[in-house]
1. Exactly one of these conditions fails for Asp68: (1) buried (at least 18 other Cβ atoms within 10 Å of the Cβ); (2) out of contact with any Leu (no Cβ under 6 Å at 6 or more places or on another chain); (3) outside any helix (DSSP H, G or I). Give me its number.
2. Look at Ser130 and say whether it is within 20 Å of Val42 (Cα to Cα) and either more than 24 Å from the chain's Cα centre (by Cα) or free of Cβ contacts under 8 Å to residues at least 24 places away in the same chain (or both).
3. For segment 232-306, list the helices (runs of 4 or more DSSP H) that sit wholly inside it and hold at least 3 residues that are more than 20 Å from Gly164 (Cα to Cα), of a type outside the set (Val, Ile, Thr) and touching a residue at least 40 places away in the same chain (Cβ under 8 Å); which are they?
4. When the residues of segment 218-231 are narrowed to those that are outside any loop (DSSP other than H, G, I, E, B) and not hydrophobic (A, V, I, L, M, F, W, C), which ends up nearest to Leu306 (Cα to Cα)?
5. What residue, among those in segment 1-35 that are surrounded by fewer than 24 Cβ atoms within 10 Å (Cβ to Cβ) and of a type in the set (D, E, K, R), is farthest from Pro83 (Cα to Cα)?
6. Sort through Ile55, Ile69, Ile123 and tell me the only one that's of a type in the set (Val, Ile, Thr) and either in contact with an Asp or Glu (Cβ under 8 Å, 6 or more places away or on another chain) or closer than 21 Å to Ser11 by Cα (or both).
7. Kindly establish whether Arg38 is over 24 Å from Cys175 (Cβ atoms), surrounded by fewer than 23 Cβ atoms within 10 Å (Cβ to Cβ), within 21 Å of the chain's Cα centre (by Cα) and among the charged types (D, E, K, R).
8. Out of all the residues in segment 71-114, which are charged (D, E, K, R), under 19 Å from Gly52 (Cβ atoms) and not in a helix (DSSP H, G or I)?
Amino acid sequence: MKIRFWGVRGSIPSPGPLTQKYGGNTACTEIRVGEDDRLLIVDAGSGIRNLGNYIMEHDLPKGPIKADIFLSHTHWDHIMGYPFFTPIYIPGSTLKVYGPVSFEDEPLEEVVGGQMKYRYFPINLGELASKVEYIRLKEDPGIDLGGGLHLSTKLLNHPITALGYRFEYDSKVVCTCYDTEPFRNLFITDPDHPDYDEAMAYEGEEVAKEQNHAIEAFFKDADLLIYDAQYTQQEYLNGRVNWGHTAMEYAVEAANRAGVKKLALFHHDPDRSDAELDEFSLTYCEPGKFGDTEVFFAKEGMEIIL
């Protein structure tokens, strides 16, 4: 399995001189599987535009383009690059777009393709020359993608429905876990509060622990985990709880507990400069400092071979 990052930024593209090293494009990860380089793409943020150009140059000369696109969720920073993904305009291209949706009455095609209407974009979804199939996903531990490729999906903790993906092929495992934050007890825990309910507070605590354990079991022993780490713990606690993103400290600790071999810290805050990420690398990426997991900050263009 070969993994390459085309977009590692969260929330909104952030190009400029302060983000050139790690990149300013929003989420897009390329995964190549097997000797035939089967193409999987996780998320269609702004980084998918450059990936599409690469595919046109390197894949199209070998024959019609085939790709599976897996959307973690449908917030705009994770789908905004889709209209600029050149292969969708090429006759003969065959694409499958997988992902969750939050509203029962709207199919995935409408949610993703809704941005391709004349009021927003010069080309309508119905004018695409490629063949595109949209497949709605829910939490499922056993999806056979064929060719020896197995997929598990896991619900994450985000303001809308979001899925983590666990791809397994030839004894190698790649997991994506974004956008998400640790599950928390949502009930009142202060015994002095007039609405405090001891039973509900206890139940809420147990449910949060159970869900956090389930997430760690989902990426247990992964060869590579790509994990949301938009904030530091101090930033997270200072007004960003319930925003749907994880602190770097928690991501590192969870990966170590789960026996993850490589951890890519991902979904960098749009205001995070290269200098800041370099500084954080000295803290979080020192070999052996936090356990056996190899920790690094994802960077556009970075390639990992498993």
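1. That leaves (2) as the condition not met.
2. Details: within 20 Å of Val42 (Cα to Cα): yes; either more than 24 Å from the chain's Cα centre (by Cα) or free of Cβ contacts under 8 Å to residues at least 24 places away in the same chain (or both): yes.
For Ser130, the condition - within 20 Å of Val42 (Cα to Cα) and either more than 24 Å from the chain's Cα centre (by Cα) or free of Cβ contacts under 8 Å to residues at least 24 places away in the same chain (or both) - is met.
3. Result: 274-284.
4. This residue is Tyr227.
5. Per the criteria, the residue is Glu35.
6. Ile69
7. No, not satisfied.
8. Listed by number, the list holds a single entry, Lys96.
Readers should treat all values here as calculations from the given coordinates under stated rules, not as data from a laboratory. Everything numeric here is computed off the predicted structure, so don't read it as measured data. Please note: Cβ atoms are built from the backbone with ideal geometry, for glycine as well, and neighbour counts cover all protein chains shown.
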